[in-house]
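Read the structure below first, then the notes.
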Amino acid sequence: MHSPVFRPAAFSRPLALSVSLLAAVSVSTVWADDYPHAQEPIGTVEQIYDGAMLPDLAVSTYRNIGRLFPTHTIKAGEHPYALPKSDRQLPNVRFTVEGKKYDLYDFVALDSITAMLVIKDGKIVFETYQRGNTEKTRWMSMSMAKSITSTLTAAAIRDGLIKGLDGQVVDYVPALKGSAYEGVTVRNVLMMSSGVKWNETYTDPASDRRALLKAQISQRPHSAMTLMASLPRAAEPGTVNNYSTGETQVLGEIVRGAVKMPLAEYLSKKIWQPFGMESDATWWLDSPDGVEIGGSGISATLRDYGRFGLFFMNDGKINGTSILPDGWVGEATRPTTLKGGKSLDYGYMWWTAWTAPSVKDGAYSAVGIQGQNIYVNPANNVVIVTFGAQPKPVDKEPLDPMAFFDAVVAALK
């Protein structure tokens, strides 16, 4: 099985009324664009993180997360990046995990996959939509958004708006001055090694992760940074890796403070429009017209997530020129090293490979709870995207997705 992936936790308390009111704020904008799923019933954000929805409600909620919180729109351009269908389509894929044999149909069924896209050499070799999803369906990113926020950080460095990886967090987030984030660098945050104390235990009502979700649900301006500023230091910056969703919210605030515009607008300006995403996407906010949620809350189509994977695999190049610092993709997707020499199976908010074939190929992934993946295999020019509707926000998928991805890559060689 793959390396432990720490996932967003639940914050369970009776806030259905407040979430319903928040949904009413953004539902009119979602319905206005003739979205095919706009009138489906949805659950609450607490139910998502508690894993307390039956399958049909989970599916309709995951493709309507823009109704749970106010959002900013990530505007697409007028000239979509072409994704032609390949003459050679993916055959049934067979693979073995722990001595048991499986195939493509087992993976889709057992891991609750609601859509999947496989791109080889820039062409679609497999595409499926299940559970009523279509090409127009926008699906939740969950922690795949972390890799996108990391990429916006890189773009801001290339633009000269962030002073490199050694830039100080507090220079861009004044709300953290005087806190445990004093002396923490952008690199520390990207590696989730700030040294700031954090408890990501999802089942603990008193955990920091639950407190952050509570702040998001409150939709009070600046409540997330108020929480982050209150945390004590547990280690010297750069010496300990501690997976923290709060760290990604800090990263989003760094980018927002540097670029002086909403993250959704910067993403649209730098990538979504110029690279050629086909459809508008949405991104959750921490408060009405506030700051985007750095670690989750992007809702986009299957093919546009695939295009993002292609963009990153191609070193962030648009019209032949990279919008990212030289060497960024390689650095961000390789194992990083803490002070003292300890190596991490984690890059700059990208997951490094954990199976032997993918490690050999230098593959990496953006991973989100409940079955969301953007898998990139640069050695074989393959991008795979999955939408999942797994019942619980924990690392419990029956089949390791990377074992399946390895089999896909092998079948396409």
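The values are calculated or read from the model by the stated rules, or taken from the named source; none is laboratory data. Keep in mind the model is a prediction, meaning the values are calculated, not measured. All Cβ positions, even for glycine, are placed from backbone atoms using ideal geometry, and neighbour counts span all protein chains on display.
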Open item on the list: I need a count of the residues in the range 375-395 that are more than 28 Å from V45 (Cβ to Cβ) and in contact (Cβ under 8 Å) with a residue 24 or more places away in the chain.
Closed with: 7
TODO: For the range 254-263, state whether one or more residues are within 20 Å of A145 (Cβ to Cβ), touching a residue at least 24 places away in the same chain (Cβ under 8 Å) and either part of a loop (DSSP other than H, G, I, E, B) or polar (S, T, N, Q) (or both).
DONE: yes
Task: Search result, residues across the range 316-348 that are in contact with a helix residue (DSSP H, G or I) (Cβ under 7 Å, 6 or more places away or on another chain), part of a loop (DSSP other than H, G, I, E, B) and either basic (K, R) or closer than 21 Å to M191 by Cβ (or both) - done: G316, L324, P325, G347, Y348
- [ ] Counting only residues that are within 20 Å of the chain's Cα centre (by Cα) and closer than 21 Å to V383 by Cα, give me the strands (runs of 3 or more DSSP E) lying completely in the range 76-172 with at least 2 of them.
- [x] 113-120
TODO: Looking for whichever is surrounded by fewer than 16 Cβ atoms within 10 Å (Cβ to Cβ) and either at pLDDT below 95 or not hydroxyl-bearing (S, T, Y) (or both) here; the options are R220, R210. Which one fits?
DONE: R220
Open item on the list: Suppose we keep only residues that are assigned to a loop (DSSP other than H, G, I, E, B) and aliphatic (A, V, I, L, M) within the range 183-222. Which one would you say is farthest from I65 (Cα to Cα)?
Closed with: V184
- [ ] Take Q273 and decide whether it is surrounded by fewer than 21 Cβ atoms within 10 Å (Cβ to Cβ), among the polar types (S, T, N, Q) and at positive phi.
- [x] no
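Residue-by-condition table, conditions (1) surrounded by fewer than 21 Cβ atoms within 10 Å (Cβ to Cβ); (2) in a helix (DSSP H, G or I); (3) in contact with a Leu (Cβ under 6 Å, 6 or more places away or on another chain); (4) at positive phi:
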site: Q370; (1), (2), (3), (4): no, no, no, yes
site: I374; (1), (2), (3), (4): no, no, no, no
site: A379; (1), (2), (3), (4): yes, no, no, no
site: M402; (1), (2), (3), (4): no, yes, no, no
Open item on the list: Name the single residue that is surrounded by the most Cβ atoms within 10 Å (Cβ to Cβ) among those in the range 43-90 being touching a Leu at 6+ places or on another chain (Cβ under 9 Å) and hydrophobic (A, V, I, L, M, F, W, C).
Closed with: I74
- [ ] Among the candidates V5, V59, single out the residue that is within 22 Å of the chain's Cα centre (by Cα), at pLDDT below 85 and among the β-branched types (V, I, T).
- [x] V5
